[in-house]
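Structure first, commentary second.
The values are calculated or read from the model by the stated rules, or taken from the named source; none is laboratory data. Predicted model only: the values in this text are computed from it and were never measured. Positions of Cβ are backbone-derived with ideal geometry, glycine not excepted, and every protein chain shown enters the neighbour counts. The protein model used for the area step is the full one, side chains on, heavy atoms only, and it has no ligands, DNA or RNA in it. Shrake-Rupley method; radii C 1.70, N 1.55, O 1.52, S 1.80 Å.
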Amino acid sequence: YTPSKWMRLMTAAMARTSSGSFLVSKDPVTSASRIACPVLENPPAIPGPDWSLLRTPTSQMSRAELEQYTEDLQDSLHNAKHHIQSRDMIIEAAHAQMIVQELFAKKQSQTLHAHENQKKTDRAKLFPEGKGCHLTEEGFMKELERLEEVKRQEKGDKAKRKAERVEKRTGKARIDVEWKALLAKHDENITRWSATCEELAAKLVPKKDWPKKPRRPLK
C-alpha cells in the first residue's frame with residue numbers, strides 16, 4: 001500500500017464512524033462536535049525476557065545444561081516478541097489518535113478563522129451590540145449616509161478595477177500580436193541572410209565580407 005492509498009482507506013473508514021465522520025466532511029465543526037477521548041494503554045502483563053541469559057557463560061556447560069539454556073533462551077525470545085508486538089500496536093494506536101486530534105484542531109482553526117474574519121453587515125454597524133436606536137436621530141442619519149457613500153465608493157472602485165483588468169488583457173493581447181509579428185519578420189530576415197551566405201560561399205567570398213546575422217528582437 002502506498003501512503004496515498006492508506007490515506008484514502010483511513011478517510012473512508014472515518015467517514016463510516018459516527019464520532020469521526022465530521023472530521024473528513026466539508027461541514028464546519030461546532031461546539032457540539034467532539035472526538036473520542038484518548039486511550040492510554042499500558043504494556044501487557046506478561047513476563048519479560050530474562051536478560052541474565054545474555055551474561056551466562058556457556059563454555060563449561062554440559063549437554064543437558066546447554067539444552068536447558070536453549071529452552072530458556074527460546075522462552076525469553078517468545079516473551080520479547082510478545083512485548084515488541086504489543087508495544088508496536090500501542091504506538092500505532094497512539095499515532096492514530098494524534099492524527100485524529102490534528103484533524104480536529106485543523107477543523108477548529110478553520111471555523112475560528114471564518115468566524116474571526118467574517119464581514120460585518122450594515123445592520124451590525126447601524127445597530128451596535130444589537131441595541132436599538134432612533135431612526136430619525138441625526139447621528140443615525142449621518143451613519144446611514146456614510147454607509148451609502150462607502151457603498152458607492154466600493155462600487156466605483158470595483159468598476160475601475162474591472163476596467164483596468166480589461167485594459168490590461170487588451171494591452172497584453174496587442175503586445176502579443178506585435179511580438180509575433182516581430183518574430184515572423186526576424187525569421188524572414190534569417191531566411192534571407194542564410195540564402196545570401198550560401199550564395200557568397202558558393203562564390204568563395206571570404207566570411208569576413210559576409211553580412212552579419214540579424215539579431216533576434218528583444219521582448
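From the coordinates of this entry, Kirkwood radius over Cα pairs in Å is computed, and it appears in [x] 29.0; [y] 21.2; [z] 25.3 under the label [x].
Structure note, pairs Lys158/Lys219; Lys185/Lys219; Lys185/Lys213; Lys107/Lys155; Lys5/Lys26: Cα-Cα distances above 23 angstrom occur for Lys158/Lys219; Lys107/Lys155.
Computed over the chain with a Gaussian network model linking Cα atoms closer than 10 Å, the most mobile of Arg152, Arg34, Arg169 is Arg169. Its relative contact order, with pairs defined as Cα atoms under 8 Å and 6+ residues apart, puts the chain at 15 percent.
In the chain, a dipole from Cβ-located charges (positive for Lys and Arg, negative for Asp and Glu) runs towards its positive end, and of Ala181, His113, Ala96 it is Ala181 whose Cα lies farthest in that direction. Rounded to the nearest 10 square angstrom, Lys162 shows an accessible area of 130 square angstrom against a 1.4 Å probe. Solvent-accessible area of the chain (1.4 angstrom probe, protein heavy atoms only): carbon and sulfur portion equals 58 percent. If you build a Gaussian network model of the chain, linking Cα atoms that sit under 10 Å apart, which residue out of Pro57, Pro206, Pro47 swings the most? Residue with maximal mean-square fluctuation among Pro57, Pro206, Pro47: Pro206. The Cα center of region 32-111 and the Cα center of region 170-207 differ in position by 76 Å. Taking the alpha-carbon distance from Lys81 and a cut-off under 16 Å, which aspartates and glutamates remain once sequence neighbours fewer than 8 residues away in the same chain are dropped? In chain and number order, the partners are Asp50, Glu71, Asp72.
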